[in-house]
Amino acid sequence: MKQSFIFILLLLAFVHCGKDLSPFGGEPEVNALKTRLKPEWPSPNWKVVSPESVGVSSSKLGLVEEYAFTRTGDETDRKGRRTDALVILRNGKLIYEKYARNFSEDKVHLTWSVSKSILQTMYGIAVKEGLVKLDDPGYYHYEPLSRDEAHKKITIRHLLNMSSGLAGEEGYESGPLKSSVIAMLYTRGRKDMGAFCAGLPLRAEPGTQVYYSSCDTNILSAILKKVYGTEEYDKLPFEKIFKPLGITNVTFERDGSGTYVGSSYLYMTAKDLAKIGYLYLNDGIWNGERLLPEGWIQFTRTPAPGYKSTPYSEDLSQDNYTAHWYANTGVPERGIHEPWPDAPKDTFAGLGHWGQMLYVIPSLDLIIVRFGDDREKAFIKNDFLKLVKESVIR
């Protein structure tokens, strides 16, 4: 009996080890993306079709519009749901777009922390080109992280997973003495954000605690500048991401040292940001060309391993951070549920301050971009996604 039990355990271990794991580490919490057969590509504009032609109800999209655009405050108090743009694509075709507050299809919008997800795209390219590996210690490429032995343990993977252990304090509504992000963006760190952030002390062993910090992103951006050199780094997002995707109307701000502010300051139109989502929906392939390495999107959709040892708090269930994106899987072994329980479990997203949202829903073949100016928590992501899901009738 005992021998049979041991045999079963060994068999289970063998089966587990045989799973298709992302080459970038971490066991995927959701199934791998299905290959989309003959995807349609914007050339460079999206094909516009009726919602019904791709299995979406126009009347139910009306409920989505009502939720997103009904104003419950004015320009003085800046309260309520304040949507600036909403774009929805299904099967690679544009089925809905609307703009408000003087925004239009050609006007770029600050994406805030959705910028982080595009910085992650830049890392996918660097990994594909063999210039960095995720488990490289950051100080290999960026001298400010060599300040002591503790900082030398921080890897690129840790930074992408928001698990560097650096003692950042994220809070846009507090002052620079308390908030490292305010100090980084606007006061003592703005001349060289990467160096400012690398100088922070550690709050935890690298890799053991998830803490959302814009500092991790801007260290990553500074590392890329060292890896590529200034001239190639300057061209990297424009030549290797935006140009292949047909994106020409874009602004990417830099700090005083010439490093892209990957945490916060990328401006794009809603329909162009949808192209980033479509690249990820198609497993990093664009118009037949693989731009991101195999396994990168699975890495993107896998919650950060550091959740397993992060001290538990109610805040952990608000979002499932992955690698500069968000998942909807939950982390069951920690009692962390899905942040958007009424959305499909395979939903993943890039999210930014004041209501910037890029959702990719593979099982429904949907891309959703929403820009906003939310100053209070009146736009509930789960309620919005539930309405979008219910608009899909086949």
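The values are calculated or read from the model by the stated rules, or taken from the named source; none is laboratory data. It should be emphasised that the depicted structure is a prediction, and the values quoted were computed from it without experimental measurement. Positions of Cβ are generated from backbone atoms using ideal geometry, with glycine treated the same way; all protein chains shown enter the neighbour counts. These accessible areas exclude ligands, DNA and RNA; they are computed on the full protein's heavy atoms, side chains included. Shrake-Rupley method; radii C 1.70, N 1.55, O 1.52, S 1.80 Å.
At-a-glance table
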read-out: Lys/Arg +1, Asp/Glu -1 at C-beta; region 291-342 dipole; positive extreme among N320, P293, G330; value: P293
read-out: J(HN,Hα) series, region 78-84, from Karplus relation 6.51 cos²θ - 1.76 cosθ + 1.60, nearest Hz, glycine and proline x; value: 6, 9, x, 7, 10, 8, 9
read-out: Difference of contour (0.36 nm per residue) and Cα-Cα distance, D234 to Y312; value: 24.1 nm
read-out: Charge tally in the Cβ shell below 12 Å around S53, where Lys, Arg are +1 and Asp, Glu are -1, S53 excluded; value: +3
read-out: From phi via Karplus (6.51, -1.76, 1.60), per-residue ³J(HN,Hα) for region 349-362 in Hz, x at Gly/Pro; value: 7, x, 10, x, 3, 6, x, 8, 9, 10, 10, 10, 10, x
read-out: Three-way shape call for region 100-222 based on the alpha-carbon gyration tensor, with the a/c threshold at 1.5; value: oblate
read-out: The chain: DSSP helices with Cα axial extent of at least 30 Å and average Kyte-Doolittle hydropathy no lower than -0.5; value: none
read-out: Where GluC sites (Glu not before Pro) fall in DSSP loop in region 263-323, at most 16 other Cβ within 10 Å; value: E294
read-out: Apportionment of accessible area to carbon and sulfur, region 319-394, percent (1.4 Å); value: 51 percent
read-out: Relative contact order for the chain, counting Cα pairs under 8 Å that sit 6 or more residues apart, in percent; value: 24 percent
read-out: Helical mean residue ellipticity (222 nm; -39500 (n - 2.57) per DSSP H run of 4+; nearest 500) of the chain; value: -8500 deg cm²/dmol
read-out: Normalised contact order of region 272-323, rounded percent, pairs of Cα under 8 Å and 6 or more residues apart; value: 28 percent
read-out: Accessible carbon and sulfur surface of region 87-239 relative to its total accessible area, %, 1.4 Å; value: 49 percent
read-out: Sequence-distant lysines (8 or more away, or on other chains) whose Cα lies within less than 26 Å of K152; value: K116, K128, K133, K178, K191, K225, K226, K308
read-out: Square roots of five times the Cα gyration tensor eigenvalues for region 29-167, Å; value: 39, 24, 14
read-out: Rounded to 5, the percent of DSSP beta bridges in the chain classed as antiparallel; value: 95 percent
read-out: Relative packing of 320-329, 136-145, which averages over residues the other C-beta atoms within 10 Å, highest first; value: 320-329, 136-145
read-out: Largest-first principal axis extents, alpha carbons of region 163-213, Å; value: 29, 22, 13
read-out: Exceeding the 21 Å Cα-Cα cut-off - candidates K47/K107; K47/K275; K93/K345; K93/K235; value: K93/K345; K93/K235
read-out: Cleavage-rule hits, trypsin sites (Lys or Arg not before Pro), region 99-170, DSSP coil, Cβ neighbours within 10 Å at most 15; value: R101, K107, K133, R147
read-out: Residues T35 and F69, FRET efficiency given R0 of 41 Å [Cβ-Cβ distance, rounded to 0.05]; value: 0.70
read-out: Surface accessible to a 1.4 Å probe, per residue, for the residues of region 258-366, Å²; value: 28 Å²
read-out: As computed over the chain, the Cα convex hull volume per residue (Å³); value: 159 Å³
read-out: Three-way shape call for region 262-394 based on the alpha-carbon gyration tensor, with the a/c threshold at 1.5; value: rounded
